[in-house]
Amino acid sequence: MIRPALAALPALLLLAGPPARRPAQAATVFVASQQGAQVTRVEAGAVAGRTPVAGAPATVAAGGGSVFLTHPDGHAITVADAATGAVLRRLPYKGQAFGLAASADGKSLFVADWSGNRVDRLSAADGTVEASAETGRDPAHITLDRAGRLYVADRESHRVSVFDGARMTRLATIPVGTAPFALALSPDEGRLYVGNVRSNSLTVIDTGALKALATVPAGAMPYGIGVSPDGARVLVTNQPAATVTVLDAGTLEIAATIGVGRYPEGIVIEGDRAYVANWFSDSVSVLDLATLKEITRLPVAEGPRSLAVAAPAKGPPR
């Protein structure tokens, strides 16, 4: 579900004064707030900075020292500096950009056109469309593996499409549950987990064989998925229940349920913590993976939907 567009905002805004740089060794969690038109930086479990971004950002991804945000109703993609959060440039996009993935070097972007039923590979430098491929109906979230394979949740076609990201050719079409939306790879990338929002289930795909292994209950409306660093647990956000369901990756049985804010959507895992975007509570829940409990809740701008982890940049600061 994409919320209605906000009123047009002026050109991209930047925070006053020079932004503080994060410690070189720290990873940063970025939170896109769609209604509040802002991206929040979270470091070591605390808010480290906020940057206004015009045009209702919906989905955020990171790669190569940059952070990228889609604007489905603004037909654009924003590029920001992962070290500071400062906006660098805005790329035009003719379609309705929603799902987003970035190559590890940050040079290529993969964008799912929600209303155009396609996925495009763009140059992150200037937004040039380098290649395109047809998807199923209403492509939602996408993810890219280290081998360059691209996975697309075709929400209204109830399947996952798999593409060779370099050639943008289709490798497989895998039936899943009803209305797949979120995707997450296991750390070894041997499994792809798919959240099916209308069948309240999780489909597990073997990425070697490119076929579904199982589909299991995962709580009400699973809208976001995260996998623990050891691959042992799968965390799934449940929108109407305001919870996160924790599944044992080995047995695929529900191991715990954690209360979070209202209407949780995106979830990412960084180290021993999970971060959950609570869309209707305007907050991010921080979960301890050892105790499986919420340890704090961070206020963010209105309508947080998506999160991404930016790894520490290599080489000198930008």
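The values are calculated or read from the model by the stated rules, or taken from the named source; none is laboratory data. The shown structure was predicted, so the numbers you read here are calculated from the model rather than taken from an experiment. Because the Cβ atoms are built from the backbone with ideal geometry, glycine has one as well, and the counts that use them run over all protein chains shown. Accessible surface is based on the protein model in full, side chains and every heavy atom, while ligands, DNA and RNA are left aside. Shrake-Rupley method; radii C 1.70, N 1.55, O 1.52, S 1.80 Å.
Hey, can you tell me all the residues within segment 111-129 that are of a type outside the set (D, E, K, R), outside any strand (DSSP E or B) and open to solvent by 20 Å² or more (accessible area, probe 1.4 Å)? Listed by number, the residues that qualify are 114, 115, 116, 117, 125, 128. When segment 155-183 is filtered for residues that are more than 18 Å from residue 119 (Cα to Cα) and either assigned to a strand (DSSP E or B) or touching a helix residue (DSSP H, G or I) at 6+ places or on another chain (Cβ under 8 Å) (or both), only 175 remains. Within segment 160-192, the set of residues being aliphatic (A, V, I, L, M) and either surrounded by fewer than 18 Cβ atoms within 10 Å (Cβ to Cβ) or closer than 16 Å to residue 101 by Cα (or both) comprises 160, 162, 166, 168, 171, 172, 182, 183, 184, 185, 192. Selection of segment 62-77 for residues being within 15 Å of residue 33 (Cα to Cα), open to solvent by 10 Å² or more (accessible area, probe 1.4 Å) and in a strand (DSSP E or B) yields an empty set. When 132, 108, 157 are screened for being open to solvent by 20 Å² or more (accessible area, probe 1.4 Å), within 30 Å of residue 50 (Cα to Cα), hydroxyl-bearing (Ser, Thr, Tyr) and more than 15 Å from the chain's Cα centre (by Cα), only 108 passes. Please state which one of 102, 80 is touching a residue at least 40 places away in the same chain (Cβ under 8 Å), open to solvent by less than 10 Å² (accessible area, probe 1.4 Å) and either in contact with a Ser or Thr (Cβ under 6 Å, 6 or more places away or on another chain) or not acidic (Asp, Glu) (or both). Exactly one of 102, 80 is touching a residue at least 40 places away in the same chain (Cβ under 8 Å), open to solvent by less than 10 Å² (accessible area, probe 1.4 Å) and either in contact with a Ser or Thr (Cβ under 6 Å, 6 or more places away or on another chain) or not acidic (Asp, Glu) (or both), namely 80.
Okay, residues lined up against (1) over 15 Å from residue 265 (Cα atoms); (2) not acidic (Asp, Glu):
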residue	(1), (2)
204	yes, yes
207	yes, yes
217	yes, yes
220	no, yes
223	no, yes
230	yes, no
244	no, yes
250	yes, yes
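Filtered by the rule that a residue be basic (Lys, Arg) and open to solvent by less than 20 Å² (accessible area, probe 1.4 Å), segment 36-55 gives a lone residue, 41.
What do you reckon, is residue 58 part of a loop (DSSP other than H, G, I, E, B), aliphatic (A, V, I, L, M) and buried (at least 24 other Cβ atoms within 10 Å of the Cβ)? So residue 58 passes the test. Of all residues in segment 286-302, those that are within 22 Å of residue 231 (Cα to Cα) have Cβ atoms under 7 Å from Cβ atoms of residues that are in a strand (DSSP E or B) and small (Gly, Ala, Ser), 6 or more apart or on another chain, in 287/274; 289/274; 292/256; 294/259; 294/285. Looking only at segment 67-82, residues that are closer than 21 Å to residue 269 by Cβ and not aromatic (Phe, Trp, Tyr) come to 3 in all. Residues that are surrounded by fewer than 24 Cβ atoms within 10 Å (Cβ to Cβ), of a type in the set (A, V, I, L, M) and either within 18 Å of the chain's Cα centre (by Cα) or not in a loop (DSSP other than H, G, I, E, B) (or both) within segment 198-226 comprise 204, 212, 213, 214, 216, 221, listed in sequence order.
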